[in-house]
Each structure stands twice: as C-alpha cells, then as structure tokens.
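The values are calculated or read from the model by the stated rules, or taken from the named source; none is laboratory data. Since the model is a prediction, treat every value here as computed from it, not as a measurement. Because the Cβ atoms are built from the backbone with ideal geometry, glycine has one as well, and the counts that use them run over all protein chains shown. Each accessible area value is taken on the protein alone, full model and side chains, heavy atoms only, with ligands, DNA and RNA left out. Shrake-Rupley method; radii C 1.70, N 1.55, O 1.52, S 1.80 Å.
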Amino acid sequence: VQLQASGGGLVQAGDSLRLSCASSKRTSSNNGMGWFRSAPGKEREFVAGINWKGSMSNVADPVKGRFSISRDNAKNIVYLQMNSLTPEDTAVYYCASFLSSSIATSTASVRYWGQGTLVTVSS
C-alpha cells in the first residue's frame, strides 16, 4: 500500500475530525498531495490540495473556511483538518498524490490513490 488514509468515523454535525494520509517517500516525495471525496450518488470531487513544499494550499469552495490541509514531509504524512462538519460532508475521503509538485484539482492529475476512509456526519 502506497497511500494509507485514516481518521474517518461517525461524528455529529458541528464536530471536527482530522484525517491522515501516510505515504511512502517514493509516493509523495516532490509531489503535490490532496484529498478528494465521493458521496453516495455523486462523482468524486476535489476537497483540498497542497504543493510538495507545503507553501501553497487550496480548498474547494464547499469546505472553504472549515477545512484545511497540511503536510509533514519529514514524516511523509498529509493531514486534512475538518471543522464544523455537516451531514453534506458525509463521504468516503481519498488521499491522492499528484503527478506534479504543484496543486491539482482534477482526478486526471492524480498519480496514486489511497484506499479511502469513511466520514459520516449525523444531524
């Protein structure tokens, strides 16, 4: 397994969760990293991305102001901090390693996918 996501679970609306994505150095070194999510009946969508240095990040409009992404290159871990969760955030969350060192928002720009971790937010 090259990308291992963890941290999902069942929470109530308004709660916070932090997802982690552990990767091998070969998988994430010099690569932009990100998180996508798939909700039932919906296509996989971009959530957040960060460049390989960790100096630039981007989050999708639906989660802006609530979610943030960070990375620890010494540990090869990428985090997704999720605050003020709502039932609309319920999805399987996937971490991704991009083809380039910069941030990408398209699934076509992903080189490696993690296995996904389920986040369920109850109202």
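Among 66-75, 45-54, sorting by the average number of other beta carbon atoms lying within 10 angstrom of each residue, highest first, gives 45-54, 66-75.
Given Cα pairs under 8 Å that are at least 6 residues apart, what percent is the relative contact order of segment 20-103? Computed over segment 20-103, the figure is 42 percent. Charged side chains reduced to their Cβ positions (Lys and Arg at +1, Asp and Glu at -1) give the chain a dipole of some 460 debye around its Cα centre. Compared with the rule-of-thumb size 2.2 N^0.38 Å for a compact globular protein, the chain has a Cα radius of gyration ratio of 0.96. Using a probe of 1.4 angstrom and keeping all protein chains present, the accessible surface of the chain works out to 50 square angstrom per residue. Over the residues of the chain, the helix contribution to mean residue ellipticity at 222 nm works out to -500 deg cm²/dmol, using -39500 (n - 2.57) for each DSSP H run of at least 4. Which of 105, 8, 76 sits farthest toward the positive end of the charge dipole of the chain, with +1 on the Cβ of Lys and Arg and -1 on the Cβ of Asp and Glu? The listed residue farthest towards the positive side: 76. Modelled this way, with points 7 Å down the Cα-to-C-beta line, the labels at residue 15 and residue 99 are 3.8 nm from one another.
Extending 7 Å from the Cα toward the beta-carbon at both residue 66 and residue 107 defines two label points whose distance is 2.2 nm. If one computes the Cα centroid of segment 7-81 and of segment 83-123, what distance in Å separates the two points? What the calculation gives is 6 Å, centre to centre. Ligands, DNA and RNA left out, the accessible area of the chain computed with a 1.4 Å probe is 48% carbon and sulfur.
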